[in-house]
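What follows is one structure encoded as C-alpha coordinates, with my remarks underneath.
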Amino acid sequence: MAHQPSLISLQWFSILLVCISLFSWTIFAASPDAPLTLDYYKSTCPTVFEFVRKEMECEVNSDPRNAALVLRLHFHDCFVQGCDGSVLLDDTISLQGEKKASANVNSLKGFEIIDRIKNKLESECPGIVSCADILTVAARDAVILVGGPYWDVPVGRKDSKTANYDLVRENIPTANEGLLSIIAKFLYQGLSVTDMVALAGAHTIGMARCENFRARLYGDFGATDSYLRNLKSICPAAISSSGENNVTAMDNVTPNLFDNSFYHTLLRGEGLLSSDQEMYSNVFGIETKKLVRKYADDPLAFFNQFSDSMVKLGNITNSDSFVNGEVRKICRFVNT
(Lines give C-alpha, C1' and ligand atoms only; values in the text may rest on other atoms or scores of the structure.)
Protein backbone atom coordinates (compact mmCIF):
# COMPACT_ATOMS: atom_id res chain seq x y z
CA MET A 1 0.00 0.00 0.00
CA ALA A 2 1.31 3.45 -0.91
CA HIS A 3 2.38 5.55 2.03
CA GLN A 4 -0.07 8.37 2.77
CA PRO A 5 1.31 11.48 4.46
CA SER A 6 -0.17 12.18 7.88
CA LEU A 7 -2.12 15.31 8.71
CA ILE A 8 0.77 16.45 10.91
CA SER A 9 3.30 16.06 8.10
CA LEU A 10 1.04 18.03 5.74
CA GLN A 11 0.69 20.81 8.32
CA TRP A 12 4.44 20.98 8.84
CA PHE A 13 4.98 21.04 5.07
CA SER A 14 2.57 23.97 4.73
CA ILE A 15 4.41 25.87 7.48
CA LEU A 16 7.71 25.14 5.70
CA LEU A 17 6.38 26.53 2.43
CA VAL A 18 5.26 29.72 4.14
CA CYS A 19 8.69 30.13 5.76
CA ILE A 20 10.45 29.58 2.44
CA SER A 21 8.13 32.07 0.75
CA LEU A 22 8.81 34.71 3.40
CA PHE A 23 12.55 34.05 3.27
CA SER A 24 12.59 34.33 -0.52
CA TRP A 25 10.51 37.51 -0.46
CA THR A 26 12.84 39.04 2.14
CA ILE A 27 15.90 38.37 -0.01
CA PHE A 28 14.40 39.97 -3.09
CA ALA A 29 12.66 42.78 -1.20
CA ALA A 30 15.98 43.77 0.35
CA SER A 31 17.54 44.21 -3.10
CA PRO A 32 17.57 47.69 -4.63
CA ASP A 33 14.62 48.42 -6.87
CA ALA A 34 15.38 47.95 -10.55
CA PRO A 35 15.65 51.29 -12.41
CA LEU A 36 12.43 50.73 -14.33
CA THR A 37 9.84 53.48 -14.80
CA LEU A 38 6.64 53.98 -16.75
CA ASP A 39 7.95 57.14 -18.45
CA TYR A 40 11.46 55.94 -19.34
CA TYR A 41 10.89 56.62 -23.05
CA LYS A 42 8.78 59.76 -22.58
CA SER A 43 11.30 62.07 -24.23
CA THR A 44 13.26 59.62 -26.39
CA CYS A 45 10.50 57.47 -27.93
CA PRO A 46 7.11 58.68 -26.67
CA THR A 47 5.09 56.53 -29.11
CA VAL A 48 6.72 53.20 -28.16
CA PHE A 49 3.71 51.73 -26.34
CA GLU A 50 1.28 52.69 -29.09
CA PHE A 51 3.70 51.41 -31.72
CA VAL A 52 4.12 47.98 -30.13
CA ARG A 53 0.37 47.72 -29.52
CA LYS A 54 -0.44 48.34 -33.20
CA GLU A 55 2.14 45.82 -34.35
CA MET A 56 0.81 43.20 -31.94
CA GLU A 57 -2.73 43.85 -33.17
CA CYS A 58 -1.59 42.90 -36.66
CA GLU A 59 0.20 39.79 -35.40
CA VAL A 60 -2.69 38.52 -33.27
CA ASN A 61 -5.28 39.33 -35.92
CA SER A 62 -3.30 37.28 -38.42
CA ASP A 63 -3.10 34.34 -36.00
CA PRO A 64 -4.52 34.38 -32.44
CA ARG A 65 -1.90 31.78 -31.42
CA ASN A 66 0.75 34.48 -31.74
CA ALA A 67 -0.44 35.87 -28.42
CA ALA A 68 0.59 32.70 -26.59
CA LEU A 69 3.90 32.50 -28.45
CA VAL A 70 4.98 35.97 -27.33
CA LEU A 71 3.77 35.45 -23.77
CA ARG A 72 5.76 32.22 -23.48
CA LEU A 73 8.87 33.91 -24.89
CA HIS A 74 8.64 36.55 -22.18
CA PHE A 75 8.30 33.96 -19.40
CA HIS A 76 11.28 31.93 -20.64
CA ASP A 77 13.33 35.10 -20.98
CA CYS A 78 12.66 36.32 -17.44
CA PHE A 79 13.35 32.95 -15.77
CA VAL A 80 16.91 32.85 -17.14
CA GLN A 81 19.13 35.68 -15.83
CA GLY A 82 16.18 38.07 -15.68
CA CYS A 83 14.14 39.87 -18.36
CA ASP A 84 17.12 40.88 -20.49
CA GLY A 85 16.31 39.59 -23.98
CA SER A 86 18.85 36.76 -23.68
CA VAL A 87 16.30 34.25 -25.00
CA LEU A 88 16.25 36.13 -28.32
CA LEU A 89 19.97 35.64 -29.07
CA ASP A 90 21.04 33.25 -31.83
CA ASP A 91 24.08 31.01 -31.51
CA THR A 92 27.29 32.49 -32.89
CA ILE A 93 30.92 31.43 -32.92
CA SER A 94 31.51 33.28 -29.67
CA LEU A 95 28.12 32.90 -27.96
CA GLN A 96 25.91 29.92 -27.14
CA GLY A 97 22.31 31.09 -27.01
CA GLU A 98 19.38 29.62 -25.11
CA LYS A 99 17.18 28.67 -28.05
CA LYS A 100 18.55 25.14 -28.46
CA ALA A 101 18.34 24.22 -24.77
CA SER A 102 16.03 21.24 -24.21
CA ALA A 103 13.28 23.30 -22.53
CA ASN A 104 13.28 25.80 -25.42
CA VAL A 105 14.20 24.09 -28.66
CA ASN A 106 10.76 22.69 -29.53
CA SER A 107 8.80 24.98 -27.23
CA LEU A 108 9.60 28.54 -28.24
CA LYS A 109 8.38 30.22 -31.39
CA GLY A 110 7.47 33.77 -32.32
CA PHE A 111 11.01 35.17 -32.49
CA GLU A 112 10.22 36.69 -35.88
CA ILE A 113 7.36 38.66 -34.31
CA ILE A 114 9.80 40.50 -32.05
CA ASP A 115 12.20 40.87 -34.99
CA ARG A 116 9.52 42.62 -37.05
CA ILE A 117 8.54 44.98 -34.25
CA LYS A 118 12.19 45.83 -33.54
CA ASN A 119 13.00 46.45 -37.20
CA LYS A 120 10.11 48.86 -37.61
CA LEU A 121 10.76 50.56 -34.27
CA GLU A 122 14.39 51.17 -35.27
CA SER A 123 13.07 53.37 -38.08
CA GLU A 124 10.95 55.29 -35.59
CA CYS A 125 13.39 55.49 -32.66
CA PRO A 126 16.81 54.17 -33.71
CA GLY A 127 18.96 52.72 -30.95
CA ILE A 128 16.55 53.68 -28.17
CA VAL A 129 14.21 50.81 -27.19
CA SER A 130 15.71 47.55 -25.96
CA CYS A 131 14.57 44.16 -27.23
CA ALA A 132 13.91 43.17 -23.60
CA ASP A 133 11.43 46.04 -23.24
CA ILE A 134 9.80 45.28 -26.59
CA LEU A 135 9.21 41.67 -25.53
CA THR A 136 7.82 42.69 -22.14
CA VAL A 137 5.40 45.25 -23.59
CA ALA A 138 4.40 42.89 -26.43
CA ALA A 139 3.55 40.15 -23.90
CA ARG A 140 1.18 42.53 -22.08
CA ASP A 141 -0.47 43.58 -25.34
CA ALA A 142 -0.77 39.96 -26.46
CA VAL A 143 -2.84 39.15 -23.37
CA ILE A 144 -5.10 42.17 -23.82
CA LEU A 145 -5.73 41.38 -27.49
CA VAL A 146 -7.19 37.96 -26.65
CA GLY A 147 -9.43 39.21 -23.88
CA GLY A 148 -7.09 39.34 -20.90
CA PRO A 149 -6.40 42.08 -18.34
CA TYR A 150 -4.32 45.26 -18.63
CA TRP A 151 -1.34 46.15 -16.47
CA ASP A 152 1.21 48.95 -16.55
CA VAL A 153 4.64 47.89 -17.82
CA PRO A 154 7.63 49.67 -16.26
CA VAL A 155 10.42 49.96 -18.85
CA GLY A 156 14.11 50.79 -19.04
CA ARG A 157 15.63 47.31 -19.37
CA LYS A 158 18.89 46.81 -21.20
CA ASP A 159 19.67 43.90 -23.48
CA SER A 160 22.24 41.47 -22.17
CA LYS A 161 25.38 40.65 -24.10
CA THR A 162 25.29 37.11 -22.75
CA ALA A 163 22.97 34.10 -22.60
CA ASN A 164 22.96 31.06 -20.31
CA TYR A 165 22.23 27.73 -21.99
CA ASP A 166 22.72 25.68 -18.80
CA LEU A 167 20.48 27.89 -16.70
CA VAL A 168 17.52 27.09 -18.96
CA ARG A 169 17.57 23.48 -17.78
CA GLU A 170 17.87 24.53 -14.15
CA ASN A 171 15.28 27.32 -14.08
CA ILE A 172 12.49 26.57 -16.57
CA PRO A 173 9.68 24.32 -15.21
CA THR A 174 8.93 21.29 -17.35
CA ALA A 175 5.69 19.54 -18.28
CA ASN A 176 6.20 16.46 -16.11
CA GLU A 177 7.92 18.14 -13.18
CA GLY A 178 6.60 17.70 -9.65
CA LEU A 179 4.75 20.43 -7.78
CA LEU A 180 7.36 20.97 -5.08
CA SER A 181 10.17 21.33 -7.60
CA ILE A 182 8.20 23.90 -9.61
CA ILE A 183 7.33 25.86 -6.46
CA ALA A 184 11.04 25.98 -5.63
CA LYS A 185 11.82 27.40 -9.07
CA PHE A 186 9.27 30.19 -8.63
CA LEU A 187 10.47 30.99 -5.12
CA TYR A 188 14.02 31.24 -6.46
CA GLN A 189 12.82 34.00 -8.79
CA GLY A 190 11.19 35.88 -5.92
CA LEU A 191 7.71 34.77 -6.99
CA SER A 192 5.22 33.29 -4.53
CA VAL A 193 3.00 30.23 -4.73
CA THR A 194 0.13 32.61 -5.52
CA ASP A 195 2.14 34.05 -8.41
CA MET A 196 2.84 30.54 -9.67
CA VAL A 197 -0.81 29.49 -9.79
CA ALA A 198 -1.89 32.79 -11.35
CA LEU A 199 0.84 32.77 -14.01
CA ALA A 200 0.01 29.17 -14.88
CA GLY A 201 -3.35 30.57 -15.97
CA ALA A 202 -1.59 31.79 -19.12
CA HIS A 203 -2.01 28.21 -20.32
CA THR A 204 -5.60 29.15 -21.06
CA ILE A 205 -4.27 30.28 -24.47
CA GLY A 206 -1.38 27.83 -24.66
CA MET A 207 -0.71 24.83 -26.86
CA ALA A 208 1.11 21.67 -25.80
CA ARG A 209 3.17 19.24 -27.85
CA CYS A 210 2.37 15.51 -27.80
CA GLU A 211 5.79 14.81 -26.30
CA ASN A 212 4.85 16.85 -23.24
CA PHE A 213 1.52 15.21 -22.43
CA ARG A 214 1.86 11.63 -23.71
CA ALA A 215 2.88 10.19 -20.33
CA ARG A 216 -0.13 11.78 -18.65
CA LEU A 217 -2.51 10.92 -21.49
CA TYR A 218 -1.70 7.20 -21.27
CA GLY A 219 -1.36 7.27 -17.51
CA ASP A 220 -3.81 8.81 -15.03
CA PHE A 221 -5.62 11.23 -17.36
CA GLY A 222 -9.23 11.53 -16.21
CA ALA A 223 -11.10 12.94 -19.18
CA THR A 224 -14.42 12.21 -20.87
CA ASP A 225 -14.34 9.43 -23.47
CA SER A 226 -14.81 11.76 -26.43
CA TYR A 227 -12.07 14.15 -25.30
CA LEU A 228 -9.74 11.25 -24.55
CA ARG A 229 -10.31 9.72 -28.00
CA ASN A 230 -9.58 13.07 -29.63
CA LEU A 231 -6.35 13.52 -27.71
CA LYS A 232 -5.18 9.99 -28.50
CA SER A 233 -5.78 10.61 -32.19
CA ILE A 234 -3.50 13.65 -31.92
CA CYS A 235 -0.90 11.95 -29.73
CA PRO A 236 -0.46 8.20 -30.38
CA ALA A 237 1.00 6.00 -27.67
CA ALA A 238 3.90 4.91 -29.83
CA ILE A 239 6.73 7.44 -30.01
CA SER A 240 7.24 8.55 -33.60
CA SER A 241 8.95 11.42 -35.34
CA SER A 242 5.68 12.38 -37.02
CA GLY A 243 3.64 12.54 -33.83
CA GLU A 244 5.99 14.26 -31.39
CA ASN A 245 5.28 17.74 -32.69
CA ASN A 246 1.49 17.40 -32.91
CA VAL A 247 -0.11 20.05 -30.74
CA THR A 248 -3.41 20.68 -29.01
CA ALA A 249 -4.87 23.40 -26.80
CA MET A 250 -4.33 23.25 -23.06
CA ASP A 251 -7.78 24.82 -22.70
CA ASN A 252 -10.04 22.85 -25.03
CA VAL A 253 -13.11 25.01 -24.29
CA THR A 254 -11.96 28.55 -25.19
CA PRO A 255 -8.42 28.08 -26.57
CA ASN A 256 -8.13 31.54 -28.17
CA LEU A 257 -9.70 33.51 -25.33
CA PHE A 258 -7.81 34.60 -22.22
CA ASP A 259 -10.21 33.63 -19.42
CA ASN A 260 -10.35 31.39 -16.34
CA SER A 261 -11.47 28.28 -18.22
CA PHE A 262 -8.06 26.69 -17.66
CA TYR A 263 -8.79 26.34 -13.94
CA HIS A 264 -12.06 24.57 -14.66
CA THR A 265 -10.13 21.95 -16.62
CA LEU A 266 -8.06 21.30 -13.50
CA LEU A 267 -11.19 20.92 -11.37
CA ARG A 268 -12.39 18.27 -13.84
CA GLY A 269 -9.05 16.47 -13.69
CA GLU A 270 -8.44 17.31 -17.34
CA GLY A 271 -5.30 19.43 -17.04
CA LEU A 272 -3.33 18.45 -20.12
CA LEU A 273 0.09 18.81 -18.52
CA SER A 274 0.92 16.81 -15.43
CA SER A 275 2.61 19.86 -13.91
CA ASP A 276 -0.63 21.85 -14.24
CA GLN A 277 -2.90 19.15 -12.81
CA GLU A 278 -0.50 18.78 -9.87
CA MET A 279 -1.59 22.20 -8.61
CA TYR A 280 -5.03 20.77 -7.88
CA SER A 281 -4.45 17.06 -7.40
CA ASN A 282 -1.15 16.80 -5.53
CA VAL A 283 -1.63 15.82 -1.89
CA PHE A 284 0.84 18.52 -0.85
CA GLY A 285 -0.93 21.18 -2.89
CA ILE A 286 -3.05 22.52 -0.04
CA GLU A 287 -2.53 26.17 -0.94
CA THR A 288 -2.43 25.66 -4.70
CA LYS A 289 -5.70 23.73 -4.62
CA LYS A 290 -7.42 26.62 -2.83
CA LEU A 291 -6.09 29.07 -5.40
CA VAL A 292 -7.22 26.93 -8.35
CA ARG A 293 -10.73 26.85 -6.89
CA LYS A 294 -10.62 30.60 -6.21
CA TYR A 295 -9.64 31.51 -9.77
CA ALA A 296 -12.14 29.05 -11.22
CA ASP A 297 -14.92 30.67 -9.18
CA ASP A 298 -13.82 34.29 -9.56
CA PRO A 299 -12.47 35.42 -12.95
CA LEU A 300 -11.92 38.96 -11.67
CA ALA A 301 -9.71 37.68 -8.85
CA PHE A 302 -7.70 35.74 -11.44
CA PHE A 303 -7.32 38.77 -13.70
CA ASN A 304 -6.25 41.01 -10.83
CA GLN A 305 -3.67 38.54 -9.55
CA PHE A 306 -2.41 37.69 -13.02
CA SER A 307 -1.77 41.39 -13.69
CA ASP A 308 0.09 41.81 -10.40
CA SER A 309 2.13 38.66 -10.98
CA MET A 310 3.06 39.70 -14.52
CA VAL A 311 4.44 42.97 -13.19
CA LYS A 312 6.55 40.99 -10.69
CA LEU A 313 7.70 38.66 -13.45
CA GLY A 314 8.70 41.60 -15.65
CA ASN A 315 10.61 43.18 -12.78
CA ILE A 316 12.98 40.22 -12.51
CA THR A 317 15.96 42.07 -13.89
CA ASN A 318 19.55 41.26 -14.76
CA SER A 319 21.58 43.72 -12.69
CA ASP A 320 24.63 43.10 -14.87
CA SER A 321 22.76 44.22 -17.98
CA PHE A 322 22.19 47.67 -16.48
CA VAL A 323 25.96 48.07 -16.14
CA ASN A 324 27.27 46.13 -19.14
CA GLY A 325 24.16 45.78 -21.30
CA GLU A 326 23.12 47.61 -24.43
CA VAL A 327 20.22 48.36 -26.76
CA ARG A 328 20.63 45.82 -29.55
CA LYS A 329 20.13 46.94 -33.12
CA ILE A 330 19.02 43.43 -34.06
CA CYS A 331 17.45 41.33 -31.31
CA ARG A 332 19.17 38.12 -32.44
CA PHE A 333 22.71 39.45 -32.13
CA VAL A 334 24.86 41.44 -29.76
CA ASN A 335 25.96 44.74 -31.27
CA THR A 336 29.38 44.73 -32.93
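The values are calculated or read from the model by the stated rules, or taken from the named source; none is laboratory data. Please read all numbers here as calculations on a predicted model, not as lab measurements. For neighbour counting, all protein chains shown are included, and Cβ atoms are generated from backbone atoms with ideal geometry for every residue, glycine included. Heads up: the accessible areas ignore ligands, DNA and RNA and are worked out on the full protein's heavy atoms, side chains in. Shrake-Rupley method; radii C 1.70, N 1.55, O 1.52, S 1.80 Å.
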Counting only residues in the range 208-259 that are more than 30 Å from Pro149 (Cβ to Cβ), part of a loop (DSSP other than H, G, I, E, B) and of a type in the set (Gly, Ala, Ser), the one least open to solvent (accessible area, probe 1.4 Å) is identified as Gly243
So, first residue not assigned by the TED database to the domain that holds Gly127 and assigned to a loop (DSSP other than H, G, I, E, B) in the range 314-330, second residue open to solvent by less than 30 Å² (accessible area, probe 1.4 Å) and hydroxyl-bearing (Ser, Thr, Tyr), Cβ within less than 9 Å, six or more apart or across chains; the pairs are Asn318/Ser86; Asn318/Ser160; Gly325/Ser130; Gly325/Ser160; Val327/Ser130; Arg328/Ser130
Being open to solvent by less than 20 Å² (accessible area, probe 1.4 Å), touching a residue at least 60 places away in the same chain (Cβ under 8 Å), in the same structural domain as Asp159 (by the TED database) and closer than 21 Å to Met196 by Cα narrows Leu108, Leu89, Leu73 down to just Leu73
Note on the range 165-204: residues among the β-branched types (Val, Ile, Thr) and open to solvent by less than 10 Å² (accessible area, probe 1.4 Å) are Val168, Ile172, Ile183, Val197, Thr204
Subset of the range 94-130, residues under 20 Å from Glu59 (Cβ atoms) and in a loop (DSSP other than H, G, I, E, B), comes to Lys99, Ser107, Leu108, Lys109, Gly110, Cys125, Val129, Ser130
Residues of the range 37-56 being open to solvent by 30 Å² or more (accessible area, probe 1.4 Å), within 13 Å of Thr136 (Cβ to Cβ) and assigned to a loop (DSSP other than H, G, I, E, B), in sequence order, are Leu38, Tyr40
* **Condition met for Asn176 (in a loop (DSSP other than H, G, I, E, B), in contact with a Ser or Thr (Cβ under 6 Å, 6 or more places away or on another chain) and of a type outside the set (Asp, Glu))** => yes
When every residue in the range 308-336 that is open to solvent by less than 10 Å² (accessible area, probe 1.4 Å) and among the polar types (S, T, N, Q) is compared, the one farthest from Val253 (Cα to Cα) is Ser321
For the range 319-336 the number of residues that are closer than 14 Å to Gly156 by Cβ and in contact with a Ser or Thr (Cβ under 9 Å, 6 or more places away or on another chain) is 5
Within the range 283-307, of all residues that are assigned to a loop (DSSP other than H, G, I, E, B) and surrounded by 15 or more Cβ atoms within 10 Å (Cβ to Cβ), the one nearest to the chain's Cα centre (by Cα) is Gly285
